[in-house]
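Report on the structure given below.
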Amino acid sequence: MMRAVKDTAAKVDAAGKETGAAGWSGGAQKGAAALGGAAAQKGFGRAVRDFLFSYNSAVIFAALLVFATFFVNKFSRNYSTVIFDASIYGCIAIGLSLVMVTGNIDLSVGFQAALGAVVVVQVSKLTGSLPLGVICGLAAGAVCGALNGAVVTRVGISPLIATIASNYIFKGIVYYFTKNGSIYPEGELREALKNSISKLWLGGFKALALTVVIVAVVLATLAFIMRNTDFGNNFYIAGDNAEAGKLAGINIPRAQFFAYVLCGLLCGLAGVFLASNSGAAVYTQGEGRDVFAISACVIGGIKMAGGKGTMLNVLIGILIMRIISTGMNLMLLPSAWVDFVSGVLLIVVLVIDKVTSVKTEDA
Amino acid sequence: MTKDKQSPLRWFFSLSGSGVFVALLVFIALVSIAAPRVTGGQFFTWSNIIQVFRQQTYIGIIACGMTLVIITGNIDLSVGSQLTLMTVLCAQFSNAWGFGNWALPLTLLVGVTCGLTNGLLVSGLKLNSFITTLGTSSIFGALALILVSGHTLRAKTALFDVIGTGMVLGLIPVPVVILLAVVAVFAFLAGRTVFGQRLYAIGANPVAARFTGIKSRREVAITYVLNGICCAIAAIVLLARSESANPQIGGSKEMDVILAVVLGGTSILGGKGSVWGTVIGFLFIGFMSSGFSFLAFSQYTQWVIMGVILLVALAADLYSEKRGGV
Amino acid sequence: MPNGELGDLLELRGIEKEFPGVKALKGVSFTVRPGEIHALCGENGAGKSTLIKVITGAHAHNAGEYLVDGKEVHFSSTDEAIGLGISCVYQELSIAPQLDVAQNLYIGNLPRKGRLIDHKKLYAETSRILAQLDLDVPPKTPAGELSVGQQQMIEIGRALTRNARCIIMDEPTSSLSEKEADTLFGIIRKLKARGIAIVYISHKLDEVMMLSDRITVIRDGENIVTQDTSKTTQDGLIAHMIGRSLENMYRKDPTEIGDVMLSVSGLTRPGVFTDVGFNVRRGEVVGFFGLVGAGRSEIMRALFGVDRYTEGEVVLDGKRLRAGDPPGAIRSGLGFCTEDRKKEGLMLRLTILLNATLVKLPLMSKYGVIDRAKQREEAHRYVESISIKCPSVHQKAGNLSGGNQQKVVLAKWLMLAPKVLIVDEPTRGIDVGSKAEIYGILNELAKDGMGIIVVSSEIEEIMGVCDRVITVFEGRVTGDFPVEGLSSDRVLAAALGKAMAQPTGLPAAPPDGAGAHTEDTAPATTVEAAAGTPDGQGGDEA
């Protein structure tokens, strides 16, 4: 093991691709190896630094949690709020992470969610059935995702621009229904909507709201699929070296397509949560969510270029963002500070990543 | 053996944005015919054209700077926030902090600073421009809110009045003149200067650019600074026109700007495009918008159609590139 | 023509393959026996890669028969060929750098338990295959951390996971160090012992002679010969491959050689090159020769400034060049045509006009504004003078042929009239006609007083075009010889680090009839050809 570590440390990464893993995917062994081999050769201080760099997202998370618990008033009473909010906002980030792992991007996630909310409300108004509305909301999300997927994989348009375009389309549809306000079902239906999903707390714990449970199940399922099925594994291959995948007979475009569809589905789910949380579909629900989602993914350790990142990364990223947000709320700071800090954090993470990948070269 | 001229038709269609230009002309023609029947208004009038230019002014100004950034293969997602920040700061400078007309150069300075920040991060540290400017977007937007604590402010000097409501030659509003000036400067920069041509080289092949002795870092940083200056100019114009600064304005303006640039034929991958194309891009958006209201379409329908048109334009571009070689 | 025998693994008969405008294969026959190492040799453009594509199923043949195990096949995809046990390790590796070794080995082919991936089996099997390949790397290492040689082993391992019965290797040692190449040869022999056939494509005749059982030579899309290696000589091989006289290719008119223009001394970059020193005189063509990976291009890049060096000095026409400053080097009169014109030399999306004038642009402008008339005029002048074939300078550079693209790169530098021009592999991948044209251009430039450095891996090219040859081995200059009276053996030996030849002073007068020397030396095409087997030879540095 030690010799192997020394060998691998001595190999220069010719391709220059980033190998600093800001997350836990396969990191355990590397971490142990880094610690073990490094400690023996480079000294303890450097070993600690290597460890910190390889796990920066988890470290940031732990540090924030500790800081918030001890220094922010009443934070320890708000763990459940953090978790609850994380589930609602985080759904989108989870979907986006799938797309990012395949090496693409999706800027329209915010309005896909808003569209989901709109469909839930409209359909339940029209049919009087909430469950049907929910199903249609999910389906709407999946359709949006399919549109994105088709444009990117079949037509071949760059994902950045393609999803800017689809963002306009979804935005237009959402605003068409909500105009400058919100839409909601009437009377009983409204009550049902408000009291569904997000207000169903198991055992009275906010942290165990149905939204949280659903998201936890989704996370676990996706984590399982990504690791244990060809379907999920192909996402990583698509992002890491699509050509190699194609040569090996894998249908890369199809994998990327399904990543978009799943993303859309999860955005639809987020839309359902949003509608339930507010009891309505509000036109502002779409704004700004893409920034949150992308930030959560990158801060958590998903690489922009693709091929690396696990559900754990996304989870950590979402939690980090929510801790910052909730913490600052409790410190009575205006919400602008949250944006400021998350912007700075995003850049800091990028810099750390850059620095750690350069580090792997001087062995 | 080598001819310098291609067939005129081929040359026309090789220009970026030419397809969109033709579509624009067709659209204008159609609406001009249909509008009187639908709403009774005349579409193709001088005042309406000026109105279109007016509405697109600040998007147009920023789009010029953005074009250069995209040509080098990068992107700047922070323009919306920069706009907000500078609108707010300009109002503060001129009023609350009593600098009066000095607010203008000060705002430009802020633009340079924001641009430098982006430029140093992207070209100096070689970070991914997409994520980095996403981060700076949050930072600038937050600064706007923090520095101003949410009131809307006014800018109240004579100069602002002139900028906002003045007319040149009694025909063209000052903001539009500023827009045209910016367009001219940037078109010249991109097409006729060594700096501009080097930007294309950097976007087309950054590795090869190094071997040609081009200092990519410097040129890329400059594009971001120029972009910041454009945001500053746009902020001044915006402030002058609306007489107050609202920290909520920025919104997703960056997408509108990118839309204009890409519609105009500039490739998001870099190395291809032109400022004139961008002009066609934002004019197209402007005329569409105006035309739709003449035809009594809702604004929301416009967005949907805009998105669809963008997709079609991109697909067409891909198709023609596949057929015509590189 | 070889006749198929019973028990042949693969048999191709009279294969023809046509592309729009060119017939790549005109009736080629090729057989592979189980457990044999069959080498395939031929020049660039002879049809080797097309043949391989037909064998692997990437292309379908237009005419002829292709039999596997005696049964005719018509592959419509590489998957089908892989299914029958025919795998290929290409020159460009396809490794997913962030995925681990095991994932790369079993890419697209992960072991399953039911519908799920069987991780235990994956890593167990990976360890087993790694052991077979003598590859001591933890299976969970990200593949991007491995050396090129190890990554290549992974690709071979991949073929093994697909139960390959025949593995085609395309120029496998082109990016390997000597030690890595040795390891590879060991593995190849092991595979042979297991009954796996290897089709070995290489221009390194020495390796071919050492490894293979049979050799097939292809030229111009046709078979020339298939022989048992034991009955083949290198000279004979080369004659088959080239089949024509080389003498008229290289023009080397007598040139007046003047004072020292470029002087390099003590150039060092730890781990890459050490204590490099040489001179280039006005009107002199200096060749840099060595194995792949010897460090020649790295030295040139450092000279030019895109890479740095830690010690040493570069003086051009009396002026010292700053390290790491390409614009400064260009201003002082240094030009550099890079090795890979598509990646490093041209902007394919941009016009020929812009590509050609890009470096000189500042000189064609006033206060930063370009003088378009001047720009066009210069571009046209060079397009005419070096015959770049294009309908218009406004065409995109990417649409040109290889030879014309190289000319555009040349034009780019010629416009600046550099004092010293470095050309790195100037004729790689270019057709014979354009090659001759480029040699002519270089010759003219030297006559006009330009100092030229030619980096090349083709010894005939170096000997035919240059006045002096400098050999580089593992980052050190090991020889500095005038070409007159030089034998290629001596050059090859120096390039292998064998004899340390003192840098000779230049002859007072330029050599006469320098083009005629190809007659008296054995026309060995590559370094290894004269070196014999590589076992235990490399590594003694003088």
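Quick notes on this structure:
- Only aspartates and glutamates eight or more places from A:Lys125 in sequence, or on another chain, were considered; those with a Cα closer than 19 Å are A:Glu186, A:Glu188, A:Glu191.
- Simple label model, 7 Å out from Cα along Cβ direction - C:Lys342 to B:Gln55, nm: 4.7 nm
- For segment A:272-363, trypsin sites (Lys or Arg not before Pro) meeting the loop criterion (DSSP other than H, G, I, E, B) and having at most 15 other Cβ atoms within 10 Å: none.
- Each Cα pair under 8 Å and six or more residues apart adds its separation to the average, and for chain C the resulting relative contact order is 15 percent.
- Over 20 Å (Cα to Cα) - which of A:Lys303/C:Lys121; C:Lys342/C:Lys419; C:Lys342/C:Lys407 fall in this group: A:Lys303/C:Lys121; C:Lys342/C:Lys419
- Dipole moment magnitude, nearest 20 debye, segment A:60-362 about Cα centre, only Lys, Arg, Asp, Glu C-beta charged: 340 debye
- Here the calculated FRET efficiency for A:Val351 and A:Asn251, from their Cβ-Cβ distance with R0 = 25 Å, stands at 0.10, rounded to the nearest 0.05.
- Average beta carbon contacts from partner chains per residue of B:211-224, 10 Å cutoff: 4
- Dipole of segment B:43-314, positive direction: furthest Cα of B:Leu283, B:Leu171, B:Leu68, with charges on the beta-carbon: B:Leu68
- Phi angles across segment A:55-65 convert, under the Karplus curve 6.51 cos²θ - 1.76 cosθ + 1.60 with θ = phi - 60°, into 3J(HN,Hα) values of 10, 3, 5, 5, 5, 4, 4, 4, 4, 4, 4 Hz, Gly and Pro given as x.
- Residues in segment C:205-215 carry Karplus couplings, in order, of 4, 4, 4, 4, 5, 6, 8, 8, 8, 9, 10 Hz; the curve used is 6.51 cos²θ - 1.76 cosθ + 1.60 with θ = phi - 60°, and Gly or Pro positions show x.
- Full extension of the chain between C:Val315 and C:Glu444 gives 44.0 nm of extra length, using 0.36 nm per residue less the Cα-Cα distance.
- Residues with amide H under 5 Å from that of C:His203, placed H, sequence gap 5 or more: none
- Net charge contributed by nearby residues that have their C-beta within less than 11 Å of C:Ala63 (K/R +1, D/E -1): +1
- Placing pseudo-labels 7 Å out from each Cα toward the beta carbon at C:Ser127 and A:Ser129 gives an inter-label distance of 5.5 nm.
- For segment A:60-362: rounded, prolate or oblate by the Cα gyration tensor [a/c cutoff 1.5]: oblate
- Ranking of B:Tyr319, C:Tyr367, A:Tyr168 by count of other Cβ atoms within 10 Å, fewest first: C:Tyr367, B:Tyr319, A:Tyr168
- Value of relative contact order over segment A:60-362, rounded to a whole percent, pairs C-alpha under 8 Å and six or more apart: 34 percent
- Sequence-distant residues sharing a close amide H with C:Gly287 (under 5 Å, placed H): C:Val454, C:Asp467, C:Arg468, C:Val469, C:Ile470
- Cross-link partners for A:Lys246 among the aspartates and glutamates, with Cα-Cα distance under 15 Å and sequence neighbours closer than 8 places in the same chain left out: A:Asp230, C:Asp79, C:Glu80, C:Glu92, C:Glu155.
- Here the extension length gained between B:Ala29 and B:Ala315 equals 100.5 nm, from 0.36 nm per residue of separation less the Cα-Cα distance.
- Computed from Cα atoms, the angle from the helix C:402-414 axis to the main principal axis of chain C rounds to 30 degrees.
- Straight-distance candidates among the aspartates and glutamates for linking to A:Lys171, with alpha-carbon spacing under 20 Å and chain neighbours fewer than 8 residues away dropped: A:Asp106, A:Glu287, A:Asp290, B:Glu254, B:Asp256.
- Segment B:43-314: C-alpha gyration tensor shape, a/c 1.5 cut-off, then a/b vs b/c: oblate
- Approximating the spin labels as points 7 Å out from Cα along Cα→Cβ, the B:Leu120-to-B:Arg218 distance works out to 1.8 nm.
- Counted charge near C:Asn109, where neighbours are those whose Cβ lies closer than 10 Å (Asp, Glu -1; Lys, Arg +1): +2
- Residues A:Ala62 and B:Val22, FRET efficiency given R0 of 41 Å [Cβ-Cβ distance, rounded to 0.05]: 0.10
- Contour excess over end-to-end distance, with Cα ends at A:Met331 and A:Thr221 and 0.36 nm allotted per residue: 36.0 nm
- Links that overshoot a 30 Å alpha carbon limit, given the list B:Lys126/C:Lys204; C:Lys192/C:Lys343; B:Lys215/C:Lys319; C:Lys319/C:Lys435; B:Lys126/B:Lys253: B:Lys126/C:Lys204; C:Lys192/C:Lys343; C:Lys319/C:Lys435
- Between amide H atoms placed 1.01 Å from N, distances below 5 Å from C:Asp100 occur with C:Ala143, all of them 5 or more places distant or on a separate chain.
- Derived scalar couplings between HN and Hα for segment A:170-185 equal 5, 4, x, 5, 4, 5, 4, 7, 8, 6, 9, x, 9, 10, 7, x Hz in order, rounded to whole Hz, by the Karplus curve 6.51 cos²θ - 1.76 cosθ + 1.60 (θ = phi - 60°), x for Gly and Pro.
- Amide N proximity, segment B:187-203 versus C:Ala373 label position 7 Å along Cα-to-Cβ, cut-off under 19 Å: B:192-194
- Mean projection of the Cα convex hull over all viewing directions, computed for chain C: 27.2 nm².
Laboratory data are not the source of any read-out in this text; all were calculated from the coordinates shown. Not measured: the values here are computed from a predicted model. Every residue, glycine as well, gets a Cβ built from its backbone with ideal geometry; the counts of neighbours run over all protein chains shown.
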